[in-house]
Amino acid sequence: MHVVSYALFLVALFQCRFLAFAILDPIDFLALQSIRKSLHDLPGSNFLASWDFTSDPCNFAGVYCASDKVVALNLGDPRAGSPGLTGRIDSAIGKLSALAELSIVPGRIYGSLPESISQLKGLRFLAISRNFISGNIPVTLGRLRRLKTLDLSYNQLTGGIPRSIGTMPELTNVILCHNHLSGSVPPFLSHVLTRLDLKHNALSGSLAPYSLPPSLQSLSLSWNRLTGPVDKLLSRLNHLNYLDLSLNQFTGPIPGRLFSFPITNLQLERNSFSGPVQPTEQVTIPTVDLSHNRLSGHISPMLSTVQNLYLNNNYFTGQVPASFVDRLLSARIRILYLQHNYLTGIEISPTAEIPLRSSLCLQYNCMVPPVQTACPLKAGKMKTRPTSQCKG
């Protein structure tokens, strides 16, 4: 009796497995076959070993189904250090009409991004980073009106960022850093965009005052060729907690109210910002780097509450406020770099002991540094500016 029951159980189990296999939409089944043929495991990876089409594709590694459709495709072993996959992304990807999530782990995927991805009207998450994707970003990606995250970072993409990308209404994260993208930054219209990372490209042109939404919390545009003033734009982005515009050619003033935003790291170094720096209140940003610009005027005492402050290689003049000295000697300032300016004095005793965990550099100003401190090698060996540069 038990043997018969067990036999019936096995038959039922087989039927269930067969039905589960048969339930997958045939179009999705064929699409997965095409995708599999174009991909291969890198040495050390066996991710695709489970893709045996004599069994239920919904049980394949990285394949997730709902009803008879594939809704998520996470290609590659997500564990850190796994070798990843190689090959191309087959255009059949566009046949997975219910796909909401597509990701590929770091590896050696090459070739262009198939335009057929634009057919995935329900796609919410697209992440293919740290591979070798080349060519242009398809203009038709703008048809993905429900997309929330677009991450194509660390690839070999060229051409411009299509303006259609900026019109996608539900975007929250756009990460296109470390590519070879050129042209201008398009306006982004999404009212829920919180992260925009375009660093390490070859983008140029200026940013209009209303080209980015005030919902942004993280903005990274460093290592590009962007120009023009950004004071009106930045004044609107009052939810920022991270801002990096370094290594560009931005000009004009730095808005004072920027220093009152909830930013934890402010990187504006190596641009052409000019004029005085006038925070509207005591600055609580832990790290502020304004070095290598054309900033001028007196150093505001409002900056003395910054833990790591880089003001070197500018045109600041006058005395260093006493509040800086007090905080430096009590080790509340960790880094204070003031070298290569036109400062004329600082009230600090020659016998004062700078705490070991604090760094002060004063050389190459219009004064003899009253204390000898270790400066970065890039500061050079000259202690003071030539008198001829300090007149008037």
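Yes or no, residue by residue, for (1) farther than 22 Å from Ala61 by Cα; (2) in contact (Cβ under 8 Å) with a residue 60 or more places away in the chain; (3) not hydroxyl-bearing (Ser, Thr, Tyr):
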| site | (1), (2), (3) |
| --- | --- |
| Ile93 | no, yes, yes |
| Ile104 | no, no, yes |
| Ser118 | yes, no, no |
| Ile128 | no, no, yes |
| Ser134 | yes, no, no |
| Pro138 | yes, no, yes |
| Leu152 | yes, no, yes |
| Gly166 | yes, no, yes |
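Among the candidates Arg195, Arg225, the residue that is touching a Gly at 6+ places or on another chain (Cβ under 9 Å) and open to solvent by 10 Å² or more (accessible area, probe 1.4 Å) is uniquely Arg225.
Taking the conditions exactly as written (at pLDDT 95 or above, out of contact with any strand residue (DSSP E or B) (no Cβ under 8 Å at 6 or more places or on another chain), of a type in the set (Lys, Arg) and under 28 Å from Arg146 (Cβ atoms)), does Arg36 satisfy them or not? Taking the combined requirement at face value, the residue satisfies it.
Given Pro301, Pro262, Pro253, which one is of a type outside the set (Gly, Ala, Ser), farther than 22 Å from Leu216 by Cβ and surrounded by fewer than 22 Cβ atoms within 10 Å (Cβ to Cβ)?
After applying the criteria, what remains is Pro301.
Selection of first residues in the range 367-392 that are over 15 Å from Leu336 (Cβ atoms) and of second residues that are open to solvent by 100 Å² or more (accessible area, probe 1.4 Å) and in a loop (DSSP other than H, G, I, E, B), restricted to Cβ pairs under 7 Å at least 6 apart or on distinct chains, gives the following pairs, ordered by first then second residue: Lys383/Val368; Thr384/Val368.
What residue, of Leu147, Leu120, Leu157, Leu99, is more than 22 Å from Leu189 (Cα to Cα) and either in contact with a helix residue (DSSP H, G or I) (Cβ under 9 Å, 6 or more places away or on another chain) or among the acidic types (Asp, Glu) (or both)? It would help to see each step written out before you state the result.
On the way: Leu147 fails: more than 22 Å from Leu189 (Cα to Cα); Leu120 fails: more than 22 Å from Leu189 (Cα to Cα); Leu157 fails: either in contact with a helix residue (DSSP H, G or I) (Cβ under 9 Å, 6 or more places away or on another chain) or among the acidic types (Asp, Glu) (or both).
Selected residue: Leu99, the only one of Leu147, Leu120, Leu157, Leu99 that is more than 22 Å from Leu189 (Cα to Cα) and either in contact with a helix residue (DSSP H, G or I) (Cβ under 9 Å, 6 or more places away or on another chain) or among the acidic types (Asp, Glu) (or both).
Which of the residues spanning the range 162-178 are open to solvent by 10 Å² or more (accessible area, probe 1.4 Å) and of a type outside the set (D, E, K, R)? Talk me through it step by step, then tell me what you get.
Looking only at the range 162-178, we keep the residues that are open to solvent by 10 Å² or more (accessible area, probe 1.4 Å), and these are 162-164, 167, 169-170, 172-173, 175, 178.
Pro162, Ser164, Thr167, Pro169, Thr172, Asn173, Ile175, His178 - these are the residues of the range 162-178 that are open to solvent by 10 Å² or more (accessible area, probe 1.4 Å) and of a type outside the set (D, E, K, R).
Scanning the range 185-213 for residues that are within 17 Å of the chain's Cα centre (by Cα) and in a loop (DSSP other than H, G, I, E, B) gives Val185, Pro186, Phe188, Val192, Leu193, Thr194, Leu198, Lys199, His200, Asn201, Leu212, Pro213. Of the residues Ser116, Ser134, Ser153, which single one is farther than 15 Å from Pro169 by Cα, small (Gly, Ala, Ser), at pLDDT 95 or above and assigned to a loop (DSSP other than H, G, I, E, B)? Selected residue: Ser153, the only one of Ser116, Ser134, Ser153 that is farther than 15 Å from Pro169 by Cα, small (Gly, Ala, Ser), at pLDDT 95 or above and assigned to a loop (DSSP other than H, G, I, E, B).
Is it the case that the range 329-352 has a residue that's within 29 Å of Thr251 (Cα to Cα), open to solvent by 60 Å² or more (accessible area, probe 1.4 Å), in contact with a Cys (Cβ under 9 Å, 6 or more places away or on another chain) and of a type outside the set (A, V, I, L, M)? The answer is yes; a qualifying residue exists.
Considering the range 43-111, there are no qualifying strands (runs of 3 or more DSSP E) wholly inside with 2 or more residues that are of a type in the set (D, E, K, R).
The values are calculated or read from the model by the stated rules, or taken from the named source; none is laboratory data. Computed from a prediction, not measured in an experiment: that's the story for all the values here. No Cβ is skipped: glycine too gets one built from the backbone with ideal geometry, and neighbour counts run over all protein chains shown. Heavy atoms of the whole protein, side chains included, go into the accessibility calculation; ligands, DNA and RNA do not. Shrake-Rupley method; radii C 1.70, N 1.55, O 1.52, S 1.80 Å.
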